[in-house]
Structures are given as C-alpha cells and as structure tokens.
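Okay, structure first, notes after.
The values are calculated or read from the model by the stated rules, or taken from the named source; none is laboratory data. These figures come from a predicted structure and were not determined experimentally. Virtual Cβ from ideal backbone geometry, glycine too; neighbours counted across all protein chains shown. Ligands, DNA and RNA are excluded from the accessible area calculation, which covers all protein heavy atoms including side chains. Shrake-Rupley method; radii C 1.70, N 1.55, O 1.52, S 1.80 Å.
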Amino acid sequence: MKEHFMEQAIKEAKKAFDNGEVPIGAVIVLNDKIIAKAYNKKEKQNSVLEHAEIIAIKKAEKKLKNWRLENCDLYVTLEPCPMCASAIQQSRINNIYYGIENSDQKNHEIIKQICKNTKTNKEVELHGGILKTECEQLLKTFFQKQRNKTNV
C-alpha cells in the first residue's frame, strides 16, 4: 500500500516537473484513502510557502473541515524541509513516508528533531526510502535539465 501512495505522490511530482517546478509531490491519506494531493508551485505562485506538503495540508484541512489531521499520513517524494516538517507536526499527522532524504545531512537531523519533539504534539514517525530510485531519478533529471538550460 505504501508504494501505491508514493506512486501517487510521484504523479504529482511529475506535474511539478512539467510546469518547471522542482518535482516534489505529496499526498495525504486517511483510512487508506487519498484526501489531498499537491505538487510544488513556488515558481508559479512566486511564494516560498507553496511547497507540496503545505498545499496538501491546506487541501486536507479544507476537506476535513479541521486543521487537526489526526490519523492521517503524508507521502512525499523528498524528505520535508524544516518549515514543512513543523507544519506537519503541528497538524498532528501521524507518519511521513518519503522517497529520498534531502542531500543536506543537517536538514535530516533538524527534521528528526522537529518530528520527535513531543512538548507540544505527539511524535511524527519518519519512514524513508519508499520508491527511492524513482523519486531520485525524477529530481536528477529535473536538475540536469535546469543545468543544460543555463549552459546554452
């Protein structure tokens, strides 16, 4: 089942890729059903806040008519940044399933600290490496394409 939901996140990431955005996709799942899907829209919206995870959280909140996303899981192609991890933790999502870790090892340590912080909310469990090869290839292809544009 985890692979199925990550495949849906990858489909979202491909939409970002096709729109010239860093290809990151996210889906939020409740009771084995996708309740929200999103992809990066930072360039299109000209906003640093338009990460796939944040957009998916907003959509899930609207669908559930509640900012508390208890019993939900988030699938995302790339390990979240600290901003997104904080929003995920605050929204009370149970688990983050991601394809690949951020290449910045400090990012990974910060994410673990945020998700394990139980002073305000329960711990968010982290699970990495789901369809890692597919997620990694999509990002590599995107950045190679970007480099080729700048070298022309």
- Note on the structure: Charge tally for neighbours of Gly128 with beta carbon under 12 Å away, counting Lys, Arg as +1 and Asp, Glu as -1, is -1
- Note: Glu134 to Asn121 extended length (0.36 nm per residue) minus current alpha-carbon separation gives 1.4 nm
- Environment charge of Cys81, counting only residues whose C-beta is closer than 11 Å and scoring Lys/Arg +1, Asp/Glu -1: -3
- Helix 2-18 vs. the chain, principal-axis angle (Cα, 0 to 90°, nearest 10): 40 degrees
- What accessible area per residue comes out for the range 1-133, rounded to a whole number of Å², with a 1.4 Å probe? 52 Å²
- Task: List, in order, the whole-Hz ³J(HN,Hα) value for each residue of the range 111-118 obtained from phi through the Karplus relation with A = 6.51, B = -1.76, C = 1.60 and θ = phi - 60°; use x for Gly and Pro.
- Result: 4, 4, 4, 4, 6, 8, 5, 10
- Task: Mind checking the range 109-152 for trypsin sites (Lys or Arg not before Pro) that DSSP puts in a loop (not H, G, I, E or B) and that have at most 15 other Cβ atoms within 10 Å?
- Result: Lys119, Lys122
- Query: Any idea what the relative contact order of the range 1-113 is, in percent, if you count C-alpha pairs under 8 Å spaced at least 6 apart?
  - Reply: 23 percent
- Item | CD proxy at 222 nm, helix term only [per DSSP H run n ≥ 4: -39500 (n - 2.57); per residue of the chain; nearest 500] | -15000 deg cm²/dmol
- Of all stretches in the chain that avoid GluC sites (Glu not before Pro) placed in a DSSP loop and having at most 13 other Cβ atoms within 10 Å, the longest is 1-69
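Can you tally the net charge around Glu21? Count Lys and Arg as +1, Asp and Glu as -1, for every other residue whose Cβ sits under 10 Å from the Cβ of Glu21. Each step should come with its number before you reach the end.
On the way: positive: Lys15, Lys41, Lys42, Lys44; negative: Asp18, Glu43, Glu50.
Spelling it out: positives minus negatives among the neighbours equals +1.
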